[in-house]
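The values are calculated or read from the model by the stated rules, or taken from the named source; none is laboratory data. Here the structure is a predicted model, which is why all the values come from computation and not from measurement. A quick note on method: Cβ atoms are made from the backbone with ideal geometry, for glycine too, and the neighbour counts reach across all protein chains shown.
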Amino acid sequence: MEYDVLAIDDEQVILDSARKILSLNDLSVDIALDAESALKKIETETYKIILTDLMLPHISGFELIEIVKKQYPKLPIIMMTGYATLDNAVRSLKIGAFDFVPKPFDIDELLSVSARSLRYRLSIDDDNLAEQWAKCLSKKIRAESLYFLGNHSWARLEPDGTAAIGVGETFSRTVGEIEKIEFPRIGDDVFQGSACVKIFTEYELAHTVWSPLSGEVIDYNRNLEEDGYLISIDPFFEGRLFRIIPHDLENELENLIIS
Amino acid sequence: MVRSKIGYKLILVVGIVNAIAIAIFLIVIIKPQCDGLIAQAELGAYQLSETIKSSVRYDMLNNHRDDVHRIIDTIGRQNGIVQVRIFNKEGGIIYSSDHDEIDKTVDMDAEACYACHTAEQPLESLTIEERSRVFEADDGFRNLGVINPIYNETGCWQAACHAHNETQIILGVLDVTVNLEAADRMVRANQIRIVIITILMITFLSLVIGFFVRKLIGDPVYQLLHATNLVASGDMMHRIKINSKDELGNLAQSFNLMIENLSKARQHIYQQDKLASLGRLAAGVAHEINNPLTGVLTYSSFLLKRTKDHPKIQEDLRVIVRETKRCREIVKGLLDFARQAPSKKTKVNINKIILHSLLIIDNQLSIDHVTVKKELADDLPLIRADANQMQQVMINLIVNASDAIETKKGDIYIATIKEDKQIKIVLSDTGCGISQEKLTTIFEPFYSTKGQKGTGLGLAVVWGIIEKHKGKITVDSVIGKGTTFTIVLPIEKKS
């Protein structure tokens, strides 16, 4: 059979609520109570995206990501993590999770992240779009040496010691039509792996951007207030989000992937 | 026990030293006095014998033997005179106050004779000391015998009796024995008096020394011992009363200080242990509660979406969603407290964080009529800390302080101080204060005085954050006067 989502958690209530929420968007949901049965299901059935808990018996969410990434590189995985495991969230992005959603989440948070991952899946399944994807990871980005938090967000170290922060293409191309952006306040601190920007889009969705670095916010891209579309067309330059003075590059760069 | 032992030992030592000192005193002072008495008696006895000699001289020359006998008898009966005898050269007793002895012969070894007759050739002249002898009589008192040689003179060998010839040098010896009873009695009385005085003095000195030993050493040592035993049995509240500024007073003071520090350290460890186990419990609960909370939150927000045309139901559902989100914040706080949320340590300026925190809660403070006084050190070094968590610490403490001030006007005083290897943050308020019993529990999770207003996690989170930064937080408070929180954070060396 073909499902939109495979939800994996050892708690039935989570699976039930995931099913209920996602069915609001007419998504079909299959469930598994542990990683072993999930892997079996992935072999026999077809899924567009996977939504998995981190703390699973026997095989953990991390191992599951690695196994799935190897065999089904196109299959986006959303990790559900408890608040206490921020580092785990960063780690899951590093090893290839599409995004993560901290527990306990509300309906909008789950709908937003699953909408983006579905769009991503659809876009890489589409041959034309796939070509565009390839183009996206073009030379100009490589030359810039960006530090990526998974494929989710990036940081560019500027010569003056500041760092520009923005979202990656998997985010910018899947977020949809931006209606409003909530920036952090200037002078506030943002932290690696925690929410820094909220982007409100069509269909009442609210997407969270996880900051790739910790630091003090010194300014944000005011152009985006008028024209959020810049994020979608040029996420690395015109569409950058804000700038920070990084707090702890030394330790935090280890969690990022250099392009 | 020990109190008396040290006291007794000292008293014993002092008593012995006293006794020795008095003995030396006796030998040095009393002995010559006794000797002087004997010398005086000797002189008296010699003078007496000279008197007898001159009294009987006439009768001897005229050979009036009866008169000699009478004189000797008369003198011999006098008080204090034991015996008056005259020996001839051969040792025969010619005259004696003791009539039984007359005509008896004494040996040359007799006590009266040996002074001269020990040498081969009998001595013919002697000093006064050599002529006298002291011996103990049967009545227990001593007697003093003085011999006085009777030299040959012209009248003797020319006398009509022709008893002596010209060649003899010494005709005989006058031996006078007086008893030393009076002197002996005096000496004995003196000795008794001295012994009594000695005993009294030793007793008195011992009592005085005992009193002072007890007061100056015994009592303080006992108090120290008592305090040590109490502390050993776990009573950390006991303090020694300090009455003196001497070494023992200093010792007691050091002891008090030591116990103070020990009890603080112990309390800190106890607190740490307690909060660590509470933290584990909280973390466990938080993890367990995360999933059910997810269920409640998703279902309620799901229903909220589904019931758009039922405003009444929506209103109720919003309450559920709002309260569930509040639970989420509590869980977040619990995990913060349990130190499960990793801290992102970067180089931060604590002064900046304090100013920023004040800015955030500025509105609340002005409403509460609170004046904030700052004394921030200019030379405060950057430290490695989680800026967000530190800000949380400052906000929690400042909000608490302003809550403690309640409706009346009051001050919050914030200071940062650079110390050797640490920085110190002092935050005090002039609020209502916290009672001593409550001071030990304020860092526990779910301890709250604010009722519905607070979660009871504020100070627990503060504690958790400070612990995680290898710092220390202490609190002092006086009811009605205010509360002071002191945070100490280490300055890490540059790696």
If you take the residues of the stretch A:228-244 that are under 27 Å from residue A:114 (Cβ atoms) and of a type outside the set (A, V, I, L, M, F, W, C), which of them is surrounded by the most Cβ atoms within 10 Å (Cβ to Cβ)? A:235
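Looking at the stretch B:304-315, is at least one residue assigned to a helix (DSSP H, G or I), buried (at least 18 other Cβ atoms within 10 Å of the Cβ) and not hydrophobic (A, V, I, L, M, F, W, C)?
To start, the set of residues in the stretch B:304-315 that are assigned to a helix (DSSP H, G or I) comprises B:304-306, B:311-315.
Subset that is buried (at least 18 other Cβ atoms within 10 Å of the Cβ): B:304.
Subsequent filtering for residues that are not hydrophobic (A, V, I, L, M, F, W, C) retains none.
No; the residues of the stretch B:304-315 include none that is assigned to a helix (DSSP H, G or I), buried (at least 18 other Cβ atoms within 10 Å of the Cβ) and not hydrophobic (A, V, I, L, M, F, W, C).
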Residue B:423 passes all but one of (1) surrounded by fewer than 19 Cβ atoms within 10 Å (Cβ to Cβ); (2) under 27 Å from residue A:251 (Cα atoms); (3) among the hydrophobic types (A, V, I, L, M, F, W, C); which number fails? (1)
Quick check on my filter: what residues within the stretch B:290-323 are in contact with a helix residue (DSSP H, G or I) (Cβ under 6 Å, 6 or more places away or on another chain), more than 9 Å from chain A (Cβ to nearest Cβ) and either hydroxyl-bearing (Ser, Thr, Tyr) or closer than 30 Å to residue B:444 by Cα (or both)? B:307, B:320
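Given the criterion away from chain B (no Cβ under 12 Å) and within 21 Å of residue A:103 (Cα to Cα), identify the matching residue among A:26, A:9, A:53, A:30. Step through it out loud before you land on a result.
On the way: A:26 fails: within 21 Å of residue A:103 (Cα to Cα); A:9 fails: away from chain B (no Cβ under 12 Å); A:53 fails: away from chain B (no Cβ under 12 Å).
Within the list A:26, A:9, A:53, A:30, the selection yields A:30.
Being more than 23 Å from the chain's Cα centre (by Cα), surrounded by 16 or more Cβ atoms within 10 Å (Cβ to Cβ), part of a helix (DSSP H, G or I) and modelled with pLDDT of 80 or more: is that true of residue B:184 here?
Values: more than 23 Å from the chain's Cα centre (by Cα): yes; surrounded by 16 or more Cβ atoms within 10 Å (Cβ to Cβ): yes; part of a helix (DSSP H, G or I): yes; modelled with pLDDT of 80 or more: yes.
Considered against the rule, which asks whether it is more than 23 Å from the chain's Cα centre (by Cα), surrounded by 16 or more Cβ atoms within 10 Å (Cβ to Cβ), part of a helix (DSSP H, G or I) and modelled with pLDDT of 80 or more, residue B:184 comes out as yes.
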Those residues that are surrounded by 12 or more Cβ atoms within 10 Å (Cβ to Cβ) and charged (D, E, K, R), I need them from the stretch B:1-57; list them, please. B:3, B:42, B:50, B:53, B:57
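Quick test for you: out of A:147, A:229, pick the one residue that is free of Cβ contacts under 8 Å to residues at least 60 places away in the same chain and aromatic (Phe, Trp, Tyr).
Working: A:147 fails: free of Cβ contacts under 8 Å to residues at least 60 places away in the same chain.
Answer to the check: A:229.
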What residue, among those in the stretch A:78-126 that are over 21 Å from residue A:201 (Cβ atoms) and acidic (Asp, Glu), is farthest from the other protein chains (Cβ to nearest Cβ)? A:125
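Across the stretch A:165-206, which residue is modelled with the lowest pLDDT among those that are in a loop (DSSP other than H, G, I, E, B) and away from chain B (no Cβ under 14 Å)?
Filtering the stretch A:165-206 for residues in a loop (DSSP other than H, G, I, E, B) gives A:168, A:173-177, A:183-188, A:191-194.
From the residues that got through so far, the ones that are away from chain B (no Cβ under 14 Å) too are A:168, A:173-177, A:183.
Values: A:168: 88, A:173: 84, A:174: 88, A:175: 88, A:176: 87, A:177: 88, A:183: 94.
Ranking the candidates gives A:173 first.
Every residue, every condition in (1) farther than 21 Å from residue B:100 by Cα; (2) in contact with a helix residue (DSSP H, G or I) (Cβ under 6 Å, 6 or more places away or on another chain); (3) assigned by the TED database to the domain that holds residue B:157; (4) in contact (Cβ under 8 Å) with a residue 12 or more places away in the chain, yes or no:
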{"site": "B:35", "(1), (2), (3), (4)": "yes, no, yes, no"}
{"site": "B:56", "(1), (2), (3), (4)": "no, yes, yes, yes"}
{"site": "B:63", "(1), (2), (3), (4)": "yes, no, yes, yes"}
{"site": "B:68", "(1), (2), (3), (4)": "no, yes, yes, yes"}
{"site": "B:73", "(1), (2), (3), (4)": "no, no, yes, yes"}
{"site": "B:85", "(1), (2), (3), (4)": "no, no, yes, yes"}
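Specify the residue that is surrounded by the most Cβ atoms within 10 Å (Cβ to Cβ); the eligible residues are those in the stretch B:316-335 that are under 25 Å from residue B:467 (Cα atoms) and of a type outside the set (D, E, K, R).
Filtering the stretch B:316-335 down to residues under 25 Å from residue B:467 (Cα atoms) leaves B:327-335.
Still in the list and also of a type outside the set (D, E, K, R): B:327, B:330-331, B:333-335.
Working: B:327: 17, B:330: 19, B:331: 25, B:333: 22, B:334: 30, B:335: 24.
Residue satisfying both the conditions and the ranking: B:334.
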Cβ pairs under 8 Å, 6+ apart or interchain, first in the stretch B:133-147 and within 20 Å of residue B:47 (Cβ to Cβ) and at pLDDT 80 or above, second of a type in the set (Phe, Trp, Tyr) and not in a strand (DSSP E or B), ordered by first then second residue, are B:146/B:46
So, of the residues in the stretch A:218-258 that are over 21 Å from the mean Cα position of the chain (by Cα) and within 14 Å of another protein chain (Cβ to nearest Cβ), which turns out to be farthest from residue A:88 (Cα to Cα)? A:218
Tell me yes or no: at least one residue of the stretch B:402-411 is in a helix (DSSP H, G or I), in contact with a strand residue (DSSP E or B) (Cβ under 8 Å, 6 or more places away or on another chain), within 14 Å of chain A (Cβ to nearest Cβ) and of a type outside the set (Phe, Trp, Tyr). no
Need the failing condition index for residue B:237 against (1) within 27 Å of residue B:6 (Cβ to Cβ); (2) surrounded by fewer than 16 Cβ atoms within 10 Å (Cβ to Cβ), just the number. (1)
Which residue, of B:256, B:261, is in contact (Cβ under 8 Å) with a residue 12 or more places away in the chain and out of contact with any helix residue (DSSP H, G or I) (no Cβ under 7 Å at 6 or more places or on another chain)? B:256
